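Structure, as structure tokens:
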Amino acid sequence: MAGDSVRRFGMDDRPGVLLLHPWWGVTAAVVEWAESLAEAGRRVLVPDLYGGKIATTVEEAEAARDGMDTESALRLIGACADELAAAERPWTAMGFSLGAFFACSLAGRGQAGPDELILFYGGAPPRGEGTRTRVVHLHVAPGDEYFTEEEIAETENGFRAAGAEVRTYRYHAGHWFAERDSPAFDAAAFALARTRVLDRLRAWLP
């Protein structure tokens, strides 16, 4: 795994979080989340799927997403997942929008899959017949044009059918509400979501 393609936070002997960025790239908001997770006692890996590029407009983000080498991105994500799974400690995949879809793709990796998913305004049903992912938390914004109620229901129902416990939190905000440097950042929704995520992770630290 290319060392400069993955940013690392926290201590190696802690349960892991694989944090997957939105279509903007590894922004300051993503780093802020990673630092918060590390302060809460987690080892955090943040793969950079754009090779250091950061988009600042929707048009740039669309171009970055469309120009991404998806196979290379999946290999990098898979290598990070394998690293966390090899530590034989519980680990979580957490993603924002584009990153949430990638996080869901990890659920079908058998014993190398995450114990838990934390998904912000994005997601998809698990592929395959089963998953070792036992808990899925969705943080969504009703009326979101990028992650519709139909898509939310498909994600919920797919993971429930696979045996996971699913909990959905709805916020009166828009897409990207939990990213401080995004166009739709909502301070109140961000604070509530951050508290819920950190409380959840602290609750099952060994």
*asked:* Given (1) buried (at least 20 other Cβ atoms within 10 Å of the Cβ); (2) touching a residue at least 60 places away in the same chain (Cβ under 8 Å); (3) at positive phi, identify the lone condition not met by Leu20.
replied: (3)
*Picking from Tyr121, Tyr169, Tyr146, which residue would you name as being among the hydroxyl-bearing types (Ser, Thr, Tyr), closer than 24 Å to Val26 by Cβ and in contact with a strand residue (DSSP E or B) (Cβ under 6 Å, 6 or more places away or on another chain)?*
Tyr121
*For segment 85-105, what are the residues that are closer than 24 Å to Gly163 by Cβ, modelled with pLDDT of 95 or more and aliphatic (A, V, I, L, M)?*
Ala93, Met94, Ala100, Ala103
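State all residues of segment 181-191 that are surrounded by fewer than 16 Cβ atoms within 10 Å (Cβ to Cβ) and farther than 14 Å from Gly143 by Cβ; if no residue qualifies, say none. Let's see the steps before the verdict.
Looking only at segment 181-191, we keep the residues that are surrounded by fewer than 16 Cβ atoms within 10 Å (Cβ to Cβ), and these are 181, 183-184, 187-188, 191.
Scanning segment 181-191 gives Asp181, Pro183, Ala187, Ala188, Ala191.
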*Across segment 86-130, what is the number of residues that are surrounded by fewer than 22 Cβ atoms within 10 Å (Cβ to Cβ) and small (Gly, Ala, Ser)?*
10
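Out of Ala55, Ala73, Ala61, Ala81, report the one residue that is modelled with pLDDT of 90 or more, in a loop (DSSP other than H, G, I, E, B) and either in contact with a Leu (Cβ under 9 Å, 6 or more places away or on another chain) or farther than 19 Å from Arg8 by Cα (or both). First the steps, then the outcome.
Numbers: Ala73 fails: in a loop (DSSP other than H, G, I, E, B); Ala61 fails: in a loop (DSSP other than H, G, I, E, B); Ala81 fails: in a loop (DSSP other than H, G, I, E, B).
After ruling out the rest, the residue left standing is Ala55.
Considering Ala203, Ala164, which residue is modelled with pLDDT under 95, touching a Leu at 6+ places or on another chain (Cβ under 9 Å) and among the hydrophobic types (A, V, I, L, M, F, W, C)? Let's see the steps before the verdict.
Values: Ala203 fails: touching a Leu at 6+ places or on another chain (Cβ under 9 Å).
The conditions single out Ala164.
Has segment 107-117 got at least one residue that is of a type outside the set (Val, Ile, Thr), free of Cβ contacts under 8 Å to residues at least 24 places away in the same chain and under 19 Å from Phe177 (Cβ atoms)? Lay out the reasoning, then the answer.
Narrowing segment 107-117 to residues of a type outside the set (Val, Ile, Thr): 107-117.
Narrowing the set further to residues that are free of Cβ contacts under 8 Å to residues at least 24 places away in the same chain leaves 108, 110.
Checking which are under 19 Å from Phe177 (Cβ atoms) leaves us with none.
For segment 107-117, residues of a type outside the set (Val, Ile, Thr), free of Cβ contacts under 8 Å to residues at least 24 places away in the same chain and under 19 Å from Phe177 (Cβ atoms): absent.
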*Kindly indicate which of Ala173, Ala162, Ala124 is touching a residue at least 24 places away in the same chain (Cβ under 8 Å) and within 17 Å of the chain's Cα centre (by Cα).*
Ala124
*Does Glu35 meet the test of being among the acidic types (Asp, Glu), closer than 25 Å to Thr148 by Cα and without any contact (Cβ under 8 Å) to a residue 60 or more places away in the chain?*
no
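Considering only segment 100-206, give the strands (runs of 3 or more DSSP E) lying wholly within it that have at least 3 residues that are farther than 25 Å from Val58 by Cβ. Talk me through it step by step, then tell me what you get.
Values: elements: 116-120, 135-140, 165-170.
Of the strands (runs of 3 or more DSSP E) lying wholly inside segment 100-206, those with at least 3 residues that are farther than 25 Å from Val58 by Cβ span 135-140, 165-170.
The values are calculated or read from the model by the stated rules, or taken from the named source; none is laboratory data. Keep in mind that what you see is a predicted model, and the values were worked out from it rather than measured. Glycine also receives a Cβ, built like all others from the backbone with ideal geometry; neighbour counts cover every protein chain displayed.
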